[in-house]
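Notes follow once the structure below has been shown.
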Amino acid sequence: MVAWTVSAAAVATALGGALAYAVHGPYARPDTTAIHAVYAVAWSLFALAAWLVVRRVPRRAAVPLILFGAVAFQAVAMTAVPQTSDDAYRYAWDGRVQAAGISPYRHSPQDPALEHLRDDWLFPPGDCVGWFRHPLPDGACTLMNRPSVHTIYPPVAQFWYRGVHAVTPDGGREPVQAAAALVAVAVTVALLLVLRRFGRDPRHAVLWAWCPMVVLESGNNGHVDGLGVLFMVLGLAAVAARRPVLGGVLTGAAVAVKMFPAASLIGSTRRRPLLTGGVAVLTVAVSYVPYLLMSGSAVVGYLPGYLREERYDDGARFGLLGLVLPESATPYAAVAVLLAAAVVIGRRADPDRPWGAALTMTGTLLLVLTPNYPWYALLLVALVVLDGRAEWMAVGLAGYAVYFTWFLGVPAERIRLVHQSAYAAAFLVVAGAAAVRAYR
């Protein structure tokens, strides 16, 4: 048994080296073709390490090993500036704007009304040339993407940004990354406790703790999605423990971090749908109140514009549906598929294991929407830990294939081909695993 533990630790060390190379190596930026190989190595080492921990390492040794790896990997990721996303800079800006007593939904970063909040970190002087540098109409430069639009992030995410700024008012990328890393470690702890509480093997938490997506999108890119994952994991656990009000508050808070976790509510409302669902909706509504008072209808933010930018309005983004339907029909088909899935999955949901239905519905949503951004699948990873159907991890990997091809500047036709092929492959993996499980 000691030999297996040592072997798992050795593979984890190699994984740490691959993750460090992913954020520090010459191929760290996603505009180089070698980034695919770097991430492939990291994911391969992760798969081997996770297998050793789950199948070979004793539970008594596995839990501290998982926790140590979770902290160490996040620390490694934090040692470099964000490599494949610039969302963290917007988080810092939204926190700064709120600290000045201004609603982040009211003005865009380039608005002259906020010029007094600019500094040399988020608005670096000099030529606006380089990675994550975006020109402004007045000739200045910013690290934030989409500087001409209002924020898109919901209220609980905004509370988080404000809190991070309050703790570290001097700014910098480190506080945002550290906050995301701490949340990722907190999710690891929550998963260990929930798995143990409901009689499942806590070693499965390694699938979250050591997952390259979790490490790089939290500790390095600083994405806020992990906060929604934490609330959803705790909320589903509360529902399973027959505490519907607490479950509604926590799952509602998850939705108010990012709207995407709303798909997981299908797993939390089977036993007491009106109570749990009503409390969740009320939690979201209450979180919006302070911003509604400050901004009115502007709290919608950039969401409508984002949906147009991603081409959900004309149907071009629905990759899998676009394989069998004309683009003009895919938005309507997407709504129909998701409604049908919600009905079927909701009826079959197990109220004592709400994460099963949550995983199926969240994965279905990803397969229908086929987003370009891999961090949208962070919740999926946590639900895999709770439920055990690891094949759904393929959906998150599909997002990486699309994201990196997009950055390489290849023709749009090829990007669409990669987009459809990656998600089609993920769908086949999920469907194949389901067929094998049903046969057995």
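The values are calculated or read from the model by the stated rules, or taken from the named source; none is laboratory data. Bear in mind that the values here come from a model prediction, so they are computed numbers and not experimental data. Every residue, glycine as well, gets a Cβ built from its backbone with ideal geometry; the counts of neighbours run over all protein chains shown. Keep in mind that these areas ignore ligands, DNA and RNA; they rest on the heavy atoms of the full protein, side chains included. Shrake-Rupley method; radii C 1.70, N 1.55, O 1.52, S 1.80 Å.
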From ARG106, ARG162, ARG173, residue being surrounded by 16 or more Cβ atoms within 10 Å (Cβ to Cβ) and at pLDDT 95 or above:
ARG162
Find the helices (runs of 4 or more DSSP H) located wholly in the stretch 214-332 whose residues include 2 or more that are at pLDDT below 90, of a type in the set (Ser, Thr, Tyr) and open to solvent by 10 Å² or more (accessible area, probe 1.4 Å), and list them.
none
Within the stretch 285-310, work out how many residues are within 30 Å of TYR403 (Cα to Cα) and in contact with a helix residue (DSSP H, G or I) (Cβ under 8 Å, 6 or more places away or on another chain).
1
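Listed here are the residues, each with its yes/no results for (1) free of Cβ contacts under 8 Å to residues at least 24 places away in the same chain; (2) in contact with a helix residue (DSSP H, G or I) (Cβ under 6 Å, 6 or more places away or on another chain); (3) closer than 17 Å to VAL299 by Cα; (4) not in a loop (DSSP other than H, G, I, E, B).
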| site | (1), (2), (3), (4) |
| --- | --- |
| ARG106 | no, yes, yes, no |
| HIS116 | yes, no, no, yes |
| ASP120 | yes, no, no, no |
| THR151 | no, yes, yes, no |
Scan the stretch 339-354 and tell me whether some residue there is under 19 Å from the mean Cα position of the chain (by Cα) and over 21 Å from TRP210 (Cβ atoms).
no
Where ALA77 falls short, out of the listed (1) open to solvent by 50 Å² or more (accessible area, probe 1.4 Å); (2) in contact with a Leu (Cβ under 7 Å, 6 or more places away or on another chain); (3) among the small types (Gly, Ala, Ser)
(1)
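Every residue, every condition in (1) buried (at least 17 other Cβ atoms within 10 Å of the Cβ); (2) within 25 Å of GLY130 (Cβ to Cβ); (3) in contact with a His (Cβ under 8 Å, 6 or more places away or on another chain), yes or no:
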residue	(1), (2), (3)
ARG55	no, no, no
ARG59	no, no, no
PHE68	no, no, no
ASP87	yes, yes, yes
GLY95	yes, yes, yes
ALA113	no, no, yes
All but one of (1) at pLDDT 90 or above; (2) open to solvent by 30 Å² or more (accessible area, probe 1.4 Å) hold for GLY139, so report the exception by its number.
(1)
Pairs only if they're at least six apart or on different chains, beta carbon under 7 angstrom, first in the stretch 383-401 and buried (at least 24 other Cβ atoms within 10 Å of the Cβ), second among the aromatic types (Phe, Trp, Tyr); list them, first residue then second.
LEU383/TRP355; VAL384/TRP392; VAL385/TRP208; LEU386/TRP355; ALA398/TYR423; GLY399/TYR373; GLY399/TYR376; TYR400/TYR39
Among the residues of the stretch 282-330, write down those that are touching a Phe, Trp or Tyr at 6+ places or on another chain (Cβ under 8 Å) and hydroxyl-bearing (Ser, Thr, Tyr).
SER287, TYR291, SER295, TYR312, THR330
Quick check on this structure: which one of ALA340, ALA263, ALA285 is of a type in the set (Gly, Ala, Ser), out of contact with any Pro (no Cβ under 9 Å at 6 or more places or on another chain), under 30 Å from PRO104 (Cα atoms) and without any contact (Cβ under 8 Å) to a residue 12 or more places away in the chain?
ALA285
If we scan the stretch 142-149, do we find a residue that is open to solvent by less than 30 Å² (accessible area, probe 1.4 Å), within 24 Å of VAL214 (Cβ to Cβ) and touching a residue at least 60 places away in the same chain (Cβ under 8 Å)?
no
